[in-house]
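The values are calculated or read from the model by the stated rules, or taken from the named source; none is laboratory data. No experiment lies behind these values; they were computed from the predicted model shown. Glycine also receives a Cβ, built like all others from the backbone with ideal geometry; neighbour counts cover every protein chain displayed. Just so you know, the surface numbers come from the protein's heavy atoms only, side chains and all, with ligands and any DNA or RNA stripped out. Shrake-Rupley method; radii C 1.70, N 1.55, O 1.52, S 1.80 Å.
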Amino acid sequence: MVYQVYLRSFADSNGDGIGDLPGLRSRLPYLAWLGVDALWINPHYPSGGADGGYDIVDYRAVDPEYGDVSDLEDLVADARRLGLRVVLDVVPNHTSDRHPWFQAALADPDCPEAARYHFSPPSDEPPNNWQSLFGGPAWSRTPDGRWYLHLFAPEQPDLNWRDPAVAADFEQTLRFWLDRGISGFRVDVAYGLFKDAGLRDNPGAYSPTLFGHGPEQAMTWNQPEVHDVWRRWRGICDEYPDTMLVGEVCLADLEQVALYSRPDEMHQSFSFRLLKSSWDTAAFADAVRSALDVFGGVGAPVSWVLGNHDKDRQVTRFGGGAVGTTRARAAALLMLALPGSPYVYAGDELGLPQATVPDAVKRDPIFHRSGGARAGRDGCRVPMPWNDSPGVGFSPEESAHPWLPVPEGWDRYAVSAQARDGGSMLTMYRRALALRAAHPSLGSGEATVSTQDSVLTVRCTGTAETVRCVVNMGSETVLVGAPGAVLLASTTRVRGSLGSVALPPDSAVWILED
Ligand code: GLC
Ligand code: CA
């Protein structure tokens with residue numbers, strides 16, 4: 001299991017209210033105890049601060065707020081001793097507008113750095129109809145009237161990957177971190193990088209309700225040239241043993257997503273369907289089946305995602321309160337049974353709901369650029385609760401306020417409280433991960449998916465055994481015929497007798513078949 005660490009919100013070592021590398025390092029024993037195999041750290045680089053670190057100023061450094069390169073090396077060394085690997089985030093689609101290249105390009109339109117971005121001469125209208133994912137046109141003006149492209153915030157100018165200097169520089173960046181012992185990269189916006197060579201209009205408009213980008217944005221994303229970048233990056237990783245690339249590929253067509261994890265490209269590309277499915281048997285069954293088929297078709301493991309730093313927390317997505325929590329537990333058991341690589345977002349193992357963050361302290365450009373119409377992503381980025389002290393143990397006692405406020409009462413989700421509670425979400429995750437490690441049919445079996453009414457069943461068959469994961473997504477208790485032993489259930493209300501199991505609504509069970 002790969003555990004996603006939102007660095008700024010994980011653990012603060014020096015009391016400035018900002019999570020940092022030494023803080024994360026001090027919490028590595030927790031991750032080892034939980035049963036994590038690897039951690040992926042959201043961007044740790046010096047940044048302009050416009051998009052949670054995804055606007056990078058220097059790709060070969062650590063933001064002083066988080067520590068320095070030697071802190072990262074110490075983290076990697078400690079992690080390795082505990083059997084944990086460290087995966088970094090890399091952001092090749094765009095830089096910060098404060099990056100030295102963009103600053104040079106602002107000062108001199110004819111400098112070589114200017115060719116590394118998409119500039120267009122002054123004119124009344126932007127060069128095409130492309131929209132920014134964060135709202136508004138994807139083109140802004142420089143002080144001297146030129147247009148420049150930014151598919152995200154204006155502080156994130158898109159790089160021009162048709163300039164070979166861009167590719168060469170990123171290859172140096174990869175080696176810089178690989179030489180420091182990291183185990184690979186999560187590649188941001190891996191479906192981006194190249195744009196239509198003629199910058200032609202998109203045939204349709206951006207729709208936030210789609211699974212990802214489709215033909216309506218054919219000119220902006222998923223240009224065929226991008227695959228050669230992943231082949232080159234794969235070649236570099238292959239020089240370093242046991243390293244991997246996982247791509248963020250938000251495309252509507254799953255077949256296209258899977259192409260990014262062909263054998264000579266990235267090792268994995270995220271499968272976001274579960275993350276985007278509502279609590280519905282058919283939607284979940286389709287998400288699982290299609291991912292197994294399509295990624296299986298290119299020989300790549302499926303990377304399952306139920307939560308990340310860009311989406312509302314599962315507990316809230318699945319209905320909130322007790323219902324949302326019950327469902328999130330069941331969804332976790334389903335994900336952890338499936339063959340492939342599950343990704344768990346920090347705090348999901350505690351059942352954190354989406355936090356209410358007051359508008360006045362929100363940071364997310366999605367909130368600000370939509371004039372408040374879109375809530376933004378701050379609510380899934382608040383600090384981790386570690387204990388029941390007033391500051392929930394995020395910072396040392398008597399420290400500054402955390403960079404985003406921790407909601408009142410969040411000590412009830414704290415690691416310390418859940419670790420001693422045999423019925424907590426945390427205990428369930430830990431048991432599930434231990435069983436997954438002990439039973440190869442879980443996590444690396446052959447899976448077959450079936451549904452009956454509101455019940456979803458995945459049979460996971462390994463060489464020596466079969467484990468069935470049954471999820472009741474309906475509103476009535478169902479009797480599941482179960483010749484076998486219950487390994488784990490998402491709720492203590494699961495009862496078994498005479499070869500059958502009574503599975504309450506919104507719950508899941510793992511049954512080791514006789
Ligand atoms: C990815 C990141 C997101 C970021 C965006 C722009 O989607 O996950 O957090 O805002 O890229 O870099
Ligand atoms: Ca700090």
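Some notes on this structure:
- Test: residue in the range 90-104 that is acidic (Asp, Glu), within 16 Å of ligand 1 (Cβ to nearest atom) and not in a strand (DSSP E or B): yes
- Enumeration of residues in the range 71-100 that are away from ligand 2 (no atom under 16 Å from the Cβ) and either open to solvent by 30 Å² or more (accessible area, probe 1.4 Å) or at pLDDT below 95 (or both): Glu73, Ala77, Asp78, Arg80, Arg81, Leu82, Gly83, Arg85, Asp97, Arg98, Pro100
- Residue within the range 136-146 that is at pLDDT below 95, closer than 30 Å to Ala61 by Cα and open to solvent by less than 10 Å² (accessible area, probe 1.4 Å) present: no
- Residue count for the range 388-399, restricted to those that are among the charged types (D, E, K, R) and open to solvent by less than 10 Å² (accessible area, probe 1.4 Å): 0.
- Filter pass, Ala373 being among the small types (Gly, Ala, Ser), closer than 19 Å to Lys311 by Cα, open to solvent by 40 Å² or more (accessible area, probe 1.4 Å) and assigned by TED's automatic domain parsing to the domain that holds Ala50: yes
- Failed condition for Pro385, given (1) in contact with a strand residue (DSSP E or B) (Cβ under 6 Å, 6 or more places away or on another chain); (2) buried (at least 23 other Cβ atoms within 10 Å of the Cβ); (3) not in a helix (DSSP H, G or I): (1)
- Flag for Phe152 being assigned to a loop (DSSP other than H, G, I, E, B), buried (at least 18 other Cβ atoms within 10 Å of the Cβ) and not polar (S, T, N, Q): yes
- Total residues in the range 157-203 satisfying the condition of being open to solvent by 30 Å² or more (accessible area, probe 1.4 Å), free of Cβ contacts under 8 Å to residues at least 40 places away in the same chain and touching a helix residue (DSSP H, G or I) at 6+ places or on another chain (Cβ under 7 Å): the figure is 1.
- Close pairs (6 angstrom Cβ cut-off, 6 or more residues apart or separate chains): within 14 Å of Leu350 (Cα to Cα) in the range 312-324, of a type in the set (Phe, Trp, Tyr) and assigned to a loop (DSSP other than H, G, I, E, B) anywhere: Gly324/Phe318
- Summed over the range 175-199, the residues that are part of a loop (DSSP other than H, G, I, E, B) and within 21 Å of Asn160 (Cα to Cα) give a count of 12.
- Test: residue in the range 8-20 that is under 20 Å from the mean Cα position of the chain (by Cα), open to solvent by less than 10 Å² (accessible area, probe 1.4 Å) and more than 13 Å from ligand 2 (Cβ to nearest atom): no
- Checked against (1) open to solvent by less than 10 Å² (accessible area, probe 1.4 Å); (2) more than 30 Å from Trp510 (Cβ to Cβ); (3) over 20 Å from the mean Cα position of the chain (by Cα), Ala360 meets all criteria but (1).
- Candidate set from the range 21-53 (those that are within 25 Å of Leu442 (Cα to Cα) and in contact with a strand residue (DSSP E or B) (Cβ under 9 Å, 6 or more places away or on another chain)); member that is most open to solvent (accessible area, probe 1.4 Å): Asp37
- Considering only residues in the range 54-65 that are buried (at least 24 other Cβ atoms within 10 Å of the Cβ) and in a loop (DSSP other than H, G, I, E, B), the one that is farthest from ligand 1 (Cβ to nearest atom) turns out to be Asp55.
- Members of the range 319-344 that are within 17 Å of the chain's Cα centre (by Cα) and closer than 13 Å to Leu426 by Cα: Ala328, Ala332, Val344
- Any helices (runs of 4 or more DSSP H) falling wholly within the range 235-354 and containing at least 1 residues that are open to solvent by 10 Å² or more (accessible area, probe 1.4 Å) and modelled with pLDDT under 95: 273-276
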